[in-house]
Amino acid sequence: MKRAFALLLFLLAKPASASVQVAVLFDDLVRDSSAVCVFTGLEQKAAWENGRIYTRTRVRCDRKLAGQLEQGQEAWIRTMGGIADGIGQSVSGEASFAVGASSIAFLHAGGGAFEVTARAQGHFPVDTKVSKAFRSPDVGAVMAALPAAEARVRSLARTSLTPSATQPALVVIPGKTTDEIANEVALAWRRTHP
């Protein structure tokens, strides 16, 4: 009876998943990116690469905020996880895009395509009805900056930087319109890409 009960619990149990990340500062997110755009997902393909599943999403840059991608240009974004050969892999803390959905993404080159800088912390879905961005549902738990980063933030705060320079990206972007975000990105881009 105990064995049957244990088997039943095993079969009914849901997988546990978790992700804890250190909050990335807005200026660090911008500095580590080579392109920032408002994108629309056009197509997705998942495949095995070195024992892992990666999904490549073809996107169109609907609005250039900064960097090397121009409005109307298409690019591929590579993220960990997806479904290939009937097998699914989910990666906590990784950004995920949807075909037809709009989002803001901070990108850098990697893996033969672009990758999202700071994983899900660099991805912000956009509600096109109100033109506002919100926090990616894939972020997971975020903890405060490490002591060395906190010391750097205090040092930066004493300079004449805008308040967003020393705040986590997850504080600066969600709830703002794409126009407000474009202004924040432009200021940070000038500071971080001399």
Scanning segment 115-137 for residues that are in a loop (DSSP other than H, G, I, E, B) and either polar (S, T, N, Q) or under 8 Å from the mean Cα position of the chain (by Cα) (or both), which turns out surrounded by the fewest Cβ atoms within 10 Å (Cβ to Cβ)? Thr128
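With the condition being of a type outside the set (D, E, K, R) and surrounded by 13 or more Cβ atoms within 10 Å (Cβ to Cβ), I'd like the strands (runs of 3 or more DSSP E) fully within segment 66-114 carrying at least 3 qualifying residues. Give the steps one after another, and end with the answer.
Working: elements: 74-80, 82-84, 87-89, 102-110.
Output list reads 74-80, 82-84, 102-110.
Picking from Ala157, Ala151, Ala145, Ala141, which residue would you name as being modelled with pLDDT under 90 and either acidic (Asp, Glu) or crowded, with 17+ Cβ neighbours inside 10 Å (or both)?
Numbers: Ala157 fails: either acidic (Asp, Glu) or crowded, with 17+ Cβ neighbours inside 10 Å (or both); Ala151 fails: either acidic (Asp, Glu) or crowded, with 17+ Cβ neighbours inside 10 Å (or both); Ala141 fails: either acidic (Asp, Glu) or crowded, with 17+ Cβ neighbours inside 10 Å (or both).
Step by step, each of Ala157, Ala151, Ala145, Ala141 is checked, and only Ala145 is modelled with pLDDT under 90 and either acidic (Asp, Glu) or crowded, with 17+ Cβ neighbours inside 10 Å (or both).
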Residue list for segment 175-192, filter: out of contact with any Lys or Arg (no Cβ under 7 Å at 6 or more places or on another chain) and touching a residue at least 12 places away in the same chain (Cβ under 8 Å): Asp179, Ile181, Ala182, Glu184, Val185, Ala186, Leu187, Ala188, Trp189, Arg191
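The values are calculated or read from the model by the stated rules, or taken from the named source; none is laboratory data. Just so it is clear, the structure is predicted and the values come from calculations on it, not from any experiment. Note that we place each Cβ from the backbone using ideal geometry, even for glycine, and neighbour counts take in every protein chain shown.
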